[in-house]
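These notes are about the structure you will find just below.
The values are calculated or read from the model by the stated rules, or taken from the named source; none is laboratory data. Keep in mind that what you see is a predicted model, and the values were worked out from it rather than measured. When we count neighbours, we look across all protein chains shown, and the Cβ atoms used for this are built from the backbone with ideal geometry, even at glycine.
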Amino acid sequence: MMVGNGGAGFIWSVSEGGHEEEWRHSVAPISAERLVEIIKNATDELEISNEDGNILPPSGELELGSVNDSDEDVRDDFAHFEKEVEATFLRAVHENIKEDHVVIQSGFQRCASALFYAVMKLALDTPHGSPGELLNNVASVIAKWKKLLKYYLPSLDEEIEVILKFEEMCLESTKEYSSIFMQFYLAATHK
């Protein structure tokens, strides 16, 4: 291979043997055989490291269930987080703590959905005999804590997150809300 203007320049020869130090500083192409050798050595090193458990195996070789432990930890952490937000909110309700102090005490990032869950749970725990009464409870609790909720809902993205959280509550855990979801949704989106 010739390098330079019009092909004038140094001619690089492909050589075999102990020229690795020269090749490391060279701009010449590496021969196909040498590339195969380098890739094989790198693959062998990966397999050795993998046997020691130091790195992840190549794609497609993870054992079933090997990632679930960390996923369960994340779910446990989020459930714990939701419980902390709920406890802080309920303490504020029962001890008549001012909203500004609740904001300080629950200064968590991205806790809008957890706080909303706590507010909705308070409405559900307030005695009611019909879906209409439950809707009134929801309206009352939200009206009282609207300023606090709005603090954690500065953008449309957070508001959508909260609506999705409520939909999740309706579908999975708090079936009583499913009968009033549309009324709540319409009222919430118009305010």
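Show the residue pairs that are 6+ apart or on different chains and have beta-carbon atoms under 8 Å apart, the first residue being within region 124-135 and free of Cβ contacts under 8 Å to residues at least 24 places away in the same chain and closer than 16 Å to L90 by Cα, the second being of a type in the set (V, I, T) and assigned to a helix (DSSP H, G or I).
Pairs that qualify, where the first residue is free of Cβ contacts under 8 Å to residues at least 24 places away in the same chain and closer than 16 Å to L90 by Cα and the partner is of a type in the set (V, I, T) and assigned to a helix (DSSP H, G or I), are T126/V141.
Filter the helices (runs of 4 or more DSSP H) completely within region 99-163 down to those with at least 3 residues that are modelled with pLDDT of 80 or more.
Here the list reads 112-125, 131-151.
Among the residues of region 132-191, write down those that are surrounded by 13 or more Cβ atoms within 10 Å (Cβ to Cβ) and under 21 Å from the mean Cα position of the chain (by Cα).
Answer for region 132-191, where residues must be surrounded by 13 or more Cβ atoms within 10 Å (Cβ to Cβ) and under 21 Å from the mean Cα position of the chain (by Cα): Y152, L153, E158, E159, E161, V162, I163, K165, F166, E167, E168, M169.
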